[in-house]
Amino acid sequence: MAGIQERYERLLEAGLALAGDLALPATLQRIVELAAGLAGARYGALGVLGRDGVITEFITTGVSVEERAAIGHIPHGRGILGVLIDDARPLRLHDIAEDPRSVGLPPNHPPMRSFLGVPVMARGRVYGNLYLAEKQGGEDFDAGDERALTLLAGQAGAAIEAAQLYEEASDRAQRLEAIREITTAILAGTDTGELLELIVGHARALVGADLATLALPVDDERLAVEAADGLLADELRGTVFLAEGSVTGEVLRTGKAVVLADAASDGRSAQPIVRAGVGPAVFVPLAVRGRTLGTLTVANASGGVLLRETAVQLVETFAEQAAVALEYARLQGELQRLAVLEDRERIAKELHDGAIQALFAVGMGLQGSALLAGDPELRDRLQNAVEELDRVIRDLRNYIFGLRPGILADRQLDQALQGLVEEFQRRTGMVAVAEVDPAAAAELAGRAGDVVQLAREALSNVSRHAKAVTCRVSLYTDEHGGVLEIDDDGRGFDPSRPTGPGQGLRNLRERAAGLGGRAQVDSTPGQGTRVRVTIPR
């Protein structure tokens, strides 16, 4: 009787202790230790179940750190452990190995015979299972042990629920603060690169991970790590890798998160983070309005702790909100660009309709005066002034062409591209050719200004970096819409390296994305470069 009384007093103390601890990891460890002490077991464990019924955390007592490392991966939930997962009722065994449902113990696992397991529940929800093995003295666990452990499991379920609610509230507050900082940075006009770094920094801090990266598409086949924080961040940032065969590419294609216990051992993870030596990782899509912008990855170092399910959920929620913030930043940038274009249009119109017409009138007057002048020297001086005014008018027209590509200096798109290429040839000495399909130019007339600016940006890259002899600008249509191509026979570069005409290419991609299209860059060292911009109908 005294033993039973003592046991129930310990249960009462355990309930009070669990109720006073809201830190979930500490709560889980205390539950296991209390269970083992209550039933006199040498070994104890608590398997926490994820959304799919698989064990996501395995907290133990009685097993040393070295023994756990030798055993390796946490149990998957098969055999006797799987019995409790499938049928949430207490289970007592004399010898685990004798049960036909047993699949045996993994290598390096301590020998275990007697077994007691009970589900950890609260308000009908199963949070996991408590497992005890090897009752001291070589005896079997009895009905009293089962009742005591069942009572403790009930208290543990309530404690876990309270701790999770507290953790969720804390995570929500931290997440909202992170989103507030990101939103403030957007409103302050923070550079896109800095904004991405802010996102990965907060993602890593939210779950206490070793590394966080953010990858965005470069083209149809490649991805680039645009931002990184934590483990080997400087080496990873700017790395370009193939989407095919990578977890990041799969997440981008499917729009679904992927959680890995060990990224380095996964066949799909042929990507930069493996070189950083990561183990447990979660890959989450940055999606908004049905469109996946990129992928956010949060990981721990190889051999590090697994990311808890609550951490995965937190990263997923944060990624959803971060994607909205990124889309807002893109739209804000587009609005600013349109405001600048409108202002340039206004200035160009004033120059075209005001200054040029006034200069033209003055030139006509001077030319008439030159015809009437009797003094040859005065006539020559007036004629020189007229020629100077002509040069000024030509310069102003060129300025208007740059300020207001929508006007296209009184030219159609095909004429404007031809003029742009001719001016590029005069300025650089490079042999430049324009091949423009009139039907394509007519179809893209409403976007003529954007097409000209894209061509101008690409030609600027050629003149600054290519060291080419010839260059060609082509405009045509395919089944998807308009296609603008600029290719050269210059020195080329390796697109997978972070060096090269990075800012110019980024500008091209951003302009193309703003039109709902995509800019693809193909280049090989010594074999030239081709820029292909698709503009959907």
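The values are calculated or read from the model by the stated rules, or taken from the named source; none is laboratory data. Note that this is a predicted model, so its numbers are computed, not measured. As a convention, Cβ positions derive from the backbone with ideal geometry for all residues, glycine included, and neighbour counts pool all protein chains shown. Areas reflect the complete protein model, heavy atoms only, side chains present, ligands, DNA and RNA absent. Shrake-Rupley method; radii C 1.70, N 1.55, O 1.52, S 1.80 Å.
Worth pointing out:
- Residue match in region 127-146 (condition: open to solvent by less than 20 Å² (accessible area, probe 1.4 Å), within 19 Å of residue 35 (Cβ to Cβ), at pLDDT below 85 and within 37 Å of the chain's Cα centre (by Cα)): yes
- Scanning region 481-504 for residues that are out of contact with any strand residue (DSSP E or B) (no Cβ under 6 Å at 6 or more places or on another chain) and modelled with pLDDT under 80 turns up 497, 498, 499, 500, 501, 502, 503, 504.
- Of all residues in region 74-106, exactly one satisfies the criterion of being touching a residue at least 60 places away in the same chain (Cβ under 8 Å) and in contact with an Asp or Glu (Cβ under 7 Å, 6 or more places away or on another chain), namely 90.
- Selection count, region 249-289, where residues are part of a helix (DSSP H, G or I) and either in contact with a helix residue (DSSP H, G or I) (Cβ under 7 Å, 6 or more places away or on another chain) or at pLDDT 85 or above (or both): 11
- Restricting attention to region 144-157 and to residues that are touching a residue at least 40 places away in the same chain (Cβ under 8 Å) and either out of contact with any Leu (no Cβ under 7 Å at 6 or more places or on another chain) or part of a strand (DSSP E or B) (or both), the residue that is nearest to residue 55 (Cα to Cα) turns out to be 150.
- Members of region 96-125 that are aliphatic (A, V, I, L, M) and in a strand (DSSP E or B): 116, 118, 120, 121, 122
- Filtered residues of region 475-490 (kept if assigned to a strand (DSSP E or B) and either without any contact (Cβ under 8 Å) to a residue 12 or more places away in the chain or of a type in the set (Phe, Trp, Tyr) (or both)): 476
- Residue match in region 301-308 (condition: buried (at least 17 other Cβ atoms within 10 Å of the Cβ), closer than 18 Å to residue 201 by Cβ and in contact with an Asp or Glu (Cβ under 7 Å, 6 or more places away or on another chain)): yes
- Every residue from region 471-487 that is open to solvent by 20 Å² or more (accessible area, probe 1.4 Å) and more than 29 Å from the chain's Cα centre (by Cα): 472, 476, 477, 478, 479, 487
- Residue ID - nearest to residue 515 (Cα to Cα), chosen from residues in region 348-358 that are surrounded by 14 or more Cβ atoms within 10 Å (Cβ to Cβ) and either at pLDDT below 70 or of a type outside the set (D, E, K, R) (or both): 348
- Meets criteria (at pLDDT 90 or above and open to solvent by less than 20 Å² (accessible area, probe 1.4 Å)) for residue 508: no
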